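Following: one structure in structure tokens, then a few remarks.
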Amino acid sequence: MKFSEKILKFIKEITENISSNISSIKSKTDKLTFDTNNRIAIQNPPNLDVLLSSRASETTLSSIKAQTDKLTFDSENRLSIQNPPNLDVALSSRASESTLSNLLNTLKPALKGSLFSQSVTADTNFFASYLIPASHPCTFRIYACFDTSGILSIVKKVGDTEVVMQLNGGNNLSVNCLYAFDIAVDEGEEINFRYSVDAVALDVKVYEIQASVS
């Protein structure tokens with residue numbers, strides 16, 4: 001093949017390649033669309049499903065940033081919160097869990113004395129030692145049930161003086177019936193109980209209840 005023929009062949013190949021590339025480019029550009037002002041029209045991508053105008057504006061973002069710029073952080077990058085104006089004392093000065101627990105325990109009714117299926121002698125104190133309140137004023141609540149009908153009395157002692165007061169309006173308690181009575185007890189007062197006849201105390205319990213607890 002002559003040199004001139006080679007040149008012509010080379011030019012033809014280049015021309016064909018250019019024509020192919022132009023056709024390929026045209027197939028792509030043919031897909032473009034334009035608006036009435038000959039601006040290229042871009043279709044919404046599938047994830048652009050709301051109007052851009054409905055999103056936060058630069059002004060809104062700047063306003064948010066102005067607030068977040070006020071935040072401070074400690075050395076561990078934890079948000080640092082300043083004491084609010086009403087937190088005017090150290091938290092450690094307030095009641096602890098153990099203190100509150102102890103307080104609740106003191107408010108619970110405390111059993112001061114108990115008899116269960118025990119004999120009592122007529123007009124004789126139930127308990128060898130008088131019942132003394134742990135705090136005052138308070139209420140002694142007595143639950144009592146006997147196998148024999150009789151009158152239940154409270155014995156209140158202040159110093160060397162004893163006063164006997166009948167419960168249930170001075171009326172006999174019914175056999176095998178459970179009764180409940182509340183007795184106010186103050187500072188310096190000691191309490192005991194008596195029954196008017198020999199009997200078996202089926203169940204007698206005396207609880208101390210704080211004055212603040214109903």
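Each of E16, E189 was scored by other Cβ atoms within 10 Å of its Cβ. Listed from fewest to most, they are E16, E189.
Were the residues from A180 through L32 laid out at 0.36 nm apart, the gain over their Cα-Cα distance would be 43.6 nm.
Checking (1) 37, 18, 15; (2) 105, 25, 18; (3) 26, 21, 18 against semi-axes √(5λ) of the Cα gyration tensor in Å calculated from these atoms, the matching label is (2).
Computed from the C-beta positions of N125 and S98, the FRET efficiency with R₀ = 30 Å rounds to 0.20. Going from the residue with the fewest nearby Cβ atoms within 10 Å to the one with the most, F127, F73, F140 rank F73, F127, F140. All C-alpha pair distances within the stretch 117-160, sorted into 5 Å bins from zero, spread as 5, 13, 27, 27, 16, 9, 4 percent across the bins.
Taking trypsin sites (Lys or Arg not before Pro) as candidate sites, keep only those in a DSSP loop with at most 12 other Cβ atoms within 10 Å, then name the longest stretch of the chain containing none of them. In the chain, the maximal stretch lacking such sites is 95-214.
For the chain, a crude dipole built from +1 on the beta carbon of Lys and Arg and -1 on the beta carbon of Asp and Glu, taken about the Cα centre, is about 2180 debye to the nearest 20.
Stretched out straight at 0.36 nm per residue, the stretch from E76 to S19 would grow longer than its current Cα-Cα span by 14.0 nm. Treat each spin label as a single point 7 Å out from the Cα along the C-beta direction, and report the Y143 to I42 distance in nm. The answer from the label model is 8.3 nm.
Coordinate-derived values only; no laboratory data. Everything numeric in this text was worked out from a predicted model, so none of it was measured. Because the Cβ atoms are built from the backbone with ideal geometry, glycine has one as well, and the counts that use them run over all protein chains shown.
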